[in-house]
Amino acid sequence: MALSIDNIRTALSDGLLSFPVTDFDTNGQFQADTYKQRIEWFVEHEVSSVFVAGGTGEFFSLDLEEYKQICKVAVETVAGRVPVIASAGRSVAESKAFVKAAEEAGCDGILLMPPFLTECPEDGVVEYATQIMQSSPIQFIYYNRGNGILSAESVKQLASQNPNMIGLKDGVGNMAALNDIVKTVGDRLVYIGGVPTAEIFAEAYISIGVNTYSSAVFNFMPDMANRFYKALRADDKETVTAIIKDFFIPFCRLRDEKKGYAVSLIKSGAKAIGRSAGDVRAPLTMPTAEQEDRLKALIEANK
């Protein structure tokens, strides 16, 4: 870890967070050279933290060796300018292996994904997360979504048991439940908006004290993403409303046409601006040519 805990918390609390796609070549293998260029491009566009191998980065389809390469390239490229946060998840044993790899590569923190199981009791999820968090001194952000949704009291318990848990990322979009967590746990944690296309929830997030979020569209529209975030923080309602109406609402409608497009459309957007990262891996699928044409038109209209 190159940065102090205070520096990491500050970067996560105020500023736009980026989640780059993972570069694959035509054979579907990790492509380090273009990934390095992508990470550098992200940092040059004023991100406050870089989250690698996350949901947008297709963590669910990466093996451990690929993950090690991704962390190494990201840490070397960022070179301490902003925090580098990697992801972990799956089983406890697998997660510990990913955490160890990220720590050895010099990452500043871990975004802990929920476990893979049809149903999980909250006390079981707390135990799952605790076993992983206590396996390493690295800083953790718990991703509250999917099969691992925790109530306010469970989040409070998890934080009290694990001093190296510094944040919670919301992947649900239930503002009442999130507000309960924020008010119950307080400033012990940093809170991050993390539903797909989080900008559509940004006004609600900021109203309860969640000042930042993960931006996937940053992958192909970083200037607009920054303009939107700055307008949001400045309470420039006119600009925020215009960007939501002109870009994010039609983008979300396109995203909702097929499951998995929250990731697939991001890769299509990267290709549309000449920064292709290859195709998504199964079980995701790429958009149709007609859908890609609509996305290109939306990008052109909102540059």
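Of all the residues in segment 4-39, those that are open to solvent by less than 30 Å² (accessible area, probe 1.4 Å) and more than 19 Å from D63 (Cβ to Cβ) number 10.
For segment 209-230, the candidate set comprises residues that are in contact with a Lys or Arg (Cβ under 8 Å, 6 or more places away or on another chain) and of a type in the set (A, V, I, L, M, F, W, C); within that set, the residue that is farthest from A270 (Cα to Cα) is M224. Which residue pairs have Cβ atoms under 6 Å apart, sit 6 or more places apart or on different chains, and have a first residue in segment 104-127 that is assigned to a helix (DSSP H, G or I) and a second that is crowded, with 20+ Cβ neighbours inside 10 Å and among the β-branched types (V, I, T)? If the second residue must be crowded, with 20+ Cβ neighbours inside 10 Å and among the β-branched types (V, I, T), the pairs left are A105/V75.
Based on this model, can you work out whether A234 counts as of a type in the set (A, V, I, L, M), in contact with a His (Cβ under 9 Å, 6 or more places away or on another chain) and modelled with pLDDT of 95 or more? Answer is no for this residue.
Working only within segment 283-293, note down all residues that are in contact with a helix residue (DSSP H, G or I) (Cβ under 9 Å, 6 or more places away or on another chain) and either within 18 Å of F218 (Cα to Cα) or free of Cβ contacts under 8 Å to residues at least 12 places away in the same chain (or both).
Pass one, segment 283-293, residues in contact with a helix residue (DSSP H, G or I) (Cβ under 9 Å, 6 or more places away or on another chain): 283-287, 291-292.
Residue satisfying the conditions is E292 alone.
Selection over segment 61-93 of residues that are modelled with pLDDT of 95 or more, of a type outside the set (S, T, Y) and open to solvent by 10 Å² or more (accessible area, probe 1.4 Å) gives a count of 16.
Scanning segment 177-192 for residues that are closer than 19 Å to T241 by Cα and either surrounded by 21 or more Cβ atoms within 10 Å (Cβ to Cβ) or in contact (Cβ under 8 Å) with a residue 40 or more places away in the chain (or both) turns up nothing. So for segment 142-156 (the condition being over 18 Å from the mean Cα position of the chain (by Cα) and of a type in the set (V, I, T)), does at least one residue qualify? Yes: one or more hits. Answer yes or no as to whether A97 is closer than 11 Å to I132 by Cα, in contact (Cβ under 8 Å) with a residue 12 or more places away in the chain and open to solvent by 20 Å² or more (accessible area, probe 1.4 Å). When the stated conditions are applied, A97 passes them.
Give the residues of segment 157-178 that are closer than 25 Å to E199 by Cβ and either under 21 Å from the mean Cα position of the chain (by Cα) or part of a loop (DSSP other than H, G, I, E, B) (or both), sorted by residue number.
Step one: filter segment 157-178 for residues closer than 25 Å to E199 by Cβ, giving 166-178.
Listed by number, the residues that qualify are I166, G167, L168, K169, D170, G171, V172, G173, N174, M175, A177, L178.
The listed residues are K237, K267, K258, and the only one of them that is in contact with a helix residue (DSSP H, G or I) (Cβ under 9 Å, 6 or more places away or on another chain) and surrounded by 18 or more Cβ atoms within 10 Å (Cβ to Cβ) turns out to be K267. Scanning segment 131-147 for residues that are part of a helix (DSSP H, G or I) and touching a strand residue (DSSP E or B) at 6+ places or on another chain (Cβ under 9 Å) yields I132, M133.
The values are calculated or read from the model by the stated rules, or taken from the named source; none is laboratory data. Computed from a prediction, not measured in an experiment: that's the story for all the values here. Glycine gets a Cβ as well: all are built from the backbone with ideal geometry, and neighbour counts include every protein chain shown. Note: accessible area is taken over every heavy atom of the protein model, side chains too, but ligands, DNA and RNA are not part of it. Shrake-Rupley method; radii C 1.70, N 1.55, O 1.52, S 1.80 Å.
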